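Scroll down for the structure; my scribbles are underneath it.
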Amino acid sequence: MGNNKNIQPRKTLDTIQPYSPGKPIWEVQKELGLDRVIKLASNENPLGPSPKAVAAIQASLTELNRYPDADTTALKEAISSAYDVNPQQVIATNGADELITLVSEAFLEQGDEIIVPSPSFSEYDFGAHIMGATVVPVPFAENFQFDVDAIIAAVTEKTKILYICTPNNPTGTIISQSDIEKVLNAVSDVLIVIDGAYSHFADAPEYTNGIEFVKAEYPVVVLQTFSKIYGIAGIRVGFGIAPESVIQSILKVKEPFNVNALAQAAATAAITDVEHVRASQEANKAGREQLYKAFKELDLNYTESMANFVLVHIGPKGEEIYKALMAKGVIVRYGKTWGLPEYIRVTVGTPEENEFFIEVLTGLLAKQV
Ligand SMILES: *Cc1c(COP(=O)(O)O)cnc(C)c1O
C-alpha cells in the first residue's frame with residue numbers, strides 16, 4: 001500500500017467551496033420518480049439553441065480530426081463586427097467562466113483584492129481564491145440597487161479588479177451608464193470587468209453593456225457569453241472585449257485550444273442569428289410579465305428584473321417552499337447561497353413552464369395558511 005496522506009494542496013484551496021449547479025432534470029426525475037420536471041434554475045434559453053448554431057455544428061462534425069483554430073479567427077471576426085471593435089480587442093473562451101479564471105490568473109497576485117457588489121455571481125470569488133486574493137463584497141443598497149459611493153469607497157491600493165455584473169445575477173438589477181462612468185472616473189489602476197451575460201435582456205434606456213468604455217480606452221473588460229440568449233450553454237463559449245494591452249495579458253495564460261471546433265462554429269453562426277435573439281427577447285419579456293402578475297396575485301415581493309430570471313421574496317418558509325417545489329418537479333435556485341434564505345430565483349421559462357411553476361407555487365402557499 002502506498003501512502004498519499006502527505007500530499008498537500010495549496011493553502012488557498014481551503015477558501016474554495018465547490019460550485020453548486022442547479023440540479024439536472026434527469027437527477028430530480030430519478031430521485032423523485034416524477035414524470036414532469038421543469039428546470040428554471042440556470043437561466044438557460046427556454047426556446048432552445050440558435051437553429052443556425054445547430055446547423056453549423058452539424059456541418060463541422062466531419063472535420064473533428066482537426067485541431068480547432070487556436071486564434072478563433074472567424075469567431076473573433078464575427079464578434080468584432082457585431083460590436084464594432086478590432087479583432088485584437090477580442091478573446092474567445094471556453095464559456096465566460098473561463099474568462100473570469102483567465103482574468104484572475106493574469107491580474108491577481110496573492111494578497112490582492114477584488115471588489116464585488118454582493119450578492120453576485122460566485123465565479124468572481126472562485127477566480128480570486130485560486131490566486132490567493134481576497135474578495136471585498138460591497139452590499140447592495142435598498143431593493144438591490146448598486147451602491148456606487150460604497151463601491152468607490154471600497155477601493156484600496158490592493159484593489160486589482162472590480163466586477164460589475166449588470167444585469168446582476170441573482171438580483172436582475174442594473175447599474176446606469178452614468179453610474180459606471182462615475183466609477184470609472186473615480187478609480188484608477190483598477191481593471192473593471194463589466195459582466196453582461198444578461199445584457200441582451202436589458203431594455204432600460206439607462207442600461208449599457210459597457211462597450212463604449214472599451215472604445216474610449218478605459219481599463220474595462222466587457223464579458224459576454226453564448227450560454228444565455230444564444231442558447232448554447234452546453235457547448236461552452238464566452239468572450240471578452242477589452243483594450244488590446246489587456247487582451248494581450250489574458251492571452252498569455254490561455255491554453256491554445258481552449259474553444260473547441262464545434263463551439264467556434266456554433267458561436268460564429270449564433271451571433272448573426274438576429275431572429276433567434278429577437279424571439280428570445282420577446283418571449284423573455286412576456287415571461288417576466290407573466291411571473292410578475294402571478295407574484296402580485298400571490299402577494300409576494302419581487303425585484304423587477306432586466307434579465308431572464310426573477311428574484312422573489314418567499315419569506316421565512318423560503319427553504320421549505322424551495323424543497324417542496326423540487327418535490328413537485330419544479331427546479332428553481334434557492335437564495336441561501338447568496339445569503340438570501342427567504343428568496344428563490346426563478347428563470348423565465350416557456351409560457352407553459354411558467355404556468356406550471358405558478359400553479360405549483362400557488363398550491364404550496366395556499367397550504368401554508
Ligand atoms: C451564466 C453566467 C456567466 C457565464 O456563463 P458561461 O456559461 O461560463 O459562459 C457569466 N456571468 C454570469 C453573471 C452568468 O450568470
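A few comments on the model shown:
- Meets criteria (β-branched (V, I, T), within 16 Å of the ligand (Cβ to nearest atom) and out of contact with any helix residue (DSSP H, G or I) (no Cβ under 7 Å at 6 or more places or on another chain)) for I100: no
- Selection of the stretch 87-105 for residues being farther than 9 Å from G240 by Cβ and in contact with a Ser or Thr (Cβ under 6 Å, 6 or more places away or on another chain) yields only P87.
- Subset tally (residues that are free of Cβ contacts under 8 Å to residues at least 40 places away in the same chain and assigned to a helix (DSSP H, G or I)) for the stretch 339-369: 6
- Boolean, K293 is on the phi < 0 side of the Ramachandran plot, without any contact (Cβ under 8 Å) to a residue 24 or more places away in the chain, among the basic types (K, R) and outside any loop (DSSP other than H, G, I, E, B): yes
- The one condition in (1) farther than 19 Å from V237 by Cβ; (2) within 16 Å of the ligand (Cβ to nearest atom) that A53 fails to fulfil: (1)
- Out of A283, A261, A265, sole residue that is in contact with a Ser or Thr (Cβ under 9 Å, 6 or more places away or on another chain) and in the same structural domain as P24 (by TED's automatic domain parsing): A283
- If you filter the stretch 229-260 down to residues that are within 14 Å of the ligand (Cβ to nearest atom) and in a helix (DSSP H, G or I), you find that the one that is surrounded by the fewest Cβ atoms within 10 Å (Cβ to Cβ) is G234.
- Cβ-Cβ distances below 6 Å connect the following pairs, each with a first residue in the stretch 261-276 that is within 13 Å of T72 (Cβ to Cβ) and among the β-branched types (V, I, T), a second residue that is buried (at least 23 other Cβ atoms within 10 Å of the Cβ) and at pLDDT 95 or above, and a separation of six or more residues or different chains: T268/L75.
- Every residue from the stretch 92-120 that is assigned to a helix (DSSP H, G or I) and either without any contact (Cβ under 8 Å) to a residue 24 or more places away in the chain or small (G, A, S) (or both): G95, A96, S104, A106
- Residue within the stretch 219-228 that is buried (at least 23 other Cβ atoms within 10 Å of the Cβ) and polar (S, T, N, Q) present: yes
- Flag if T62 is within 16 Å of the ligand (Cβ to nearest atom), assigned to a helix (DSSP H, G or I) and of a type in the set (S, T, N, Q): no
- Residue among V85, V28 that is within 27 Å of V332 (Cβ to Cβ), away from the ligand (no atom under 16 Å from the Cβ) and either surrounded by fewer than 20 Cβ atoms within 10 Å (Cβ to Cβ) or among the β-branched types (V, I, T) (or both): V28
- Per-region count, the stretch 115-136, residues buried (at least 21 other Cβ atoms within 10 Å of the Cβ) and of a type in the set (S, T, N, Q): 1
The values are calculated or read from the model by the stated rules, or taken from the named source; none is laboratory data. Computed from a predicted structure; not experimentally measured. Note that each Cβ is placed from the backbone with ideal geometry, even for glycine, and that neighbours are counted across all protein chains shown.
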